[in-house]
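Below is one structure, written out as structure tokens; comments come after it.
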Amino acid sequence: MTRHISVLRRCLPMWVIPLLWTLALGLWGISRQHSVWRDEAATWQVARRSAGEIWHMLGQVDAVHGLYYLLMHVLFECFGPGITVLRLPSVLAVATAAACVTVIGHRLAGARAGLAAGLALGLLPTVQFYLQEGRPYALVMAGSAISTLLLVIVLQGSGRAVHWAAYGGVVLVCALLNWLSLLMLPAHWTTLMWAKAERGVWTRWSVAATAATAGVLPLILFSRTQSEQISWIPPLTWHMLIAPAVLLAIGGLGTLLDRARAGRLSVAAVGLPLLAVPQLGLIGLSLIQPLFLDRYVLFSMLGLTLLIGAALGAAVRFVGPRCPMAVPWLVPVIVGVAVVALLPQSLAKRSPASRVDDVLSAAANVQHLKKAGDAVVFIPAARRDTELVSPDAFAGLRDIALAQSPTASGTLKGEEADPDRIRTAMLEQRRILLVTDVPEVARPISAKRDIVKNAVLQEDFTVVADEQVRGRRVTVYERRGQRP
């Protein structure tokens, strides 16, 4: 068996195994039972616009995701809009990150530590959530993994000018996808301190980091003018710190097992800062303005998997002298146990219930409930994403509250008419379909237009059909006195 493993290593690079493993995890149930939730719906509807329309929108909203939207626009143009096209970039990104983690772990702690780290990445519940998500966070993780690998190559003395140029370029691209990814830079700074990097390395790193930061600074400043978009994020509370505390405790254990020492480049010197610094940095920023969402520092999971790999590597070193026959099987057995233990989580993450809602199921309900001449309204207006993702399901319906389309207005949900015009238009209808949230996830109605819509429906219309599925609700109202 050992001979076969040695032959396999010579014929197949170690990083290929985690890459294929993570691809398999990502492709497993990628359609999530043909469901798309509201965040992915934003990607879908924006990617279907022209490049000029996307650029117009970025001046009003979501500038922070501009590069990602343009990338998805190109993919939709080349391959057509679809669930697989929407999510496959994230699958490929996490697979790339797994390959990079494997190489980093191999360089710093040996082949088995690298293999364990690479295989572990796609199994982490948080990573599994974003592994199949049509949003940019997995791409940021891939870029963070590449930049960290480049840093390790340089610190091990085999780096050249091209590695530093690539490092700065990758950090810049990550920041353009989500500028909070710049939190990787203080993590890398900590690694340089830990490893006692030479002055020349410090100089080149400072130039690359400064250039990347300067390149994204205009986006940071401009996106701050759109900060109302994240006003819904709740203030930091103690219970929100439980998960980071658990992660840091696990990271500390991995560091002890790695027997890290100052002045030596090790898994702990790379992994612990990558895990801890972004988490702590985001907590610090959240004390100024609420920002604490785990997806903003998803890339910190790279550090966790490196430390997990180091722990398994230490286990192999402990078992080896005592039971040499068990060594080749130790990592596969532990990974197998982890797969079985995490299977309920894996199945849950691939279920529509793992997300707050599903725009496609609501569109299907509209499709079979509508009749010729019906009107449609949305409460809140953001639920118009149901129509924007599945326009065919709304064919023949009149969106009577809409004054200017999302594309024309450069917004995600369009511009609606003033409340009095909405009231007048609603009272002229015989039947109205309302698309909204189910009560369990609905927020209190606060916008004046939505208050008017709700009041007219309650006072002048009667419910004749109501369907709720996967976080969305479609209700058919008929004007009182219309039925015989």
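Can you list the helices (runs of 4 or more DSSP H) lying wholly within segment 341-433 that have 1 or more residues being farther than 30 Å from G52 by Cβ and not polar (S, T, N, Q)?
Output list reads 343-349, 359-369, 419-427.
Restricting to segment 271-289, and then to whatever is in a helix (DSSP H, G or I) and of a type outside the set (A, V, I, L, M), can you tell me which residue is nearest to S231 (Cα to Cα)?
S286
Can you say whether L221 is more than 18 Å from V297 (Cα to Cα), over 26 Å from the mean Cα position of the chain (by Cα) and either surrounded by 12 or more Cβ atoms within 10 Å (Cβ to Cβ) or at pLDDT 80 or above (or both), as far as the supplied structure shows?
no
Which one of these is more than 22 Å from A187 (Cα to Cα) and either among the polar types (S, T, N, Q) or in a helix (DSSP H, G or I) (or both): V154, V74?
One residue alone meets the criteria, V74.
Can you go through T102, T148 and tell me which one is buried (at least 23 other Cβ atoms within 10 Å of the Cβ), out of contact with any Cys (no Cβ under 8 Å at 6 or more places or on another chain) and of a type outside the set (F, W, Y)?
So the residue among T102, T148 that is buried (at least 23 other Cβ atoms within 10 Å of the Cβ), out of contact with any Cys (no Cβ under 8 Å at 6 or more places or on another chain) and of a type outside the set (F, W, Y) is T102.
Within segment 213-239, can you find the residues that are under 19 Å from L183 (Cα atoms) and without any contact (Cβ under 8 Å) to a residue 60 or more places away in the chain?
T213, A214, G215, V216, L217, P218, I220, L221, R224, L236, listed by residue number.
Specify the residue that is farthest from A315 (Cα to Cα); the eligible residues are those in segment 96-131 that are β-branched (V, I, T) and in contact with a Phe, Trp or Tyr (Cβ under 6 Å, 6 or more places away or on another chain).
Of everything passing the filter in segment 96-131, V103 is farthest from A315 (Cα to Cα).
What residue, of R472, R449, R431, is crowded, with 16+ Cβ neighbours inside 10 Å, in contact with a helix residue (DSSP H, G or I) (Cβ under 6 Å, 6 or more places away or on another chain), touching a residue at least 60 places away in the same chain (Cβ under 8 Å) and under 20 Å from N365 (Cα atoms)?
So the residue among R472, R449, R431 that is crowded, with 16+ Cβ neighbours inside 10 Å, in contact with a helix residue (DSSP H, G or I) (Cβ under 6 Å, 6 or more places away or on another chain), touching a residue at least 60 places away in the same chain (Cβ under 8 Å) and under 20 Å from N365 (Cα atoms) is R472.
So S354 ticks every box in (1) open to solvent by less than 20 Å² (accessible area, probe 1.4 Å); (2) over 18 Å from R443 (Cβ atoms) but one. Which box is left unticked?
Single failed check for S354: (1).
The values are calculated or read from the model by the stated rules, or taken from the named source; none is laboratory data. It should be emphasised that the depicted structure is a prediction, and the values quoted were computed from it without experimental measurement. A quick note on method: Cβ atoms are made from the backbone with ideal geometry, for glycine too, and the neighbour counts reach across all protein chains shown. These area figures cover heavy atoms from the full protein model, side chains too; ligands, DNA and RNA do not enter into them. Shrake-Rupley method; radii C 1.70, N 1.55, O 1.52, S 1.80 Å.
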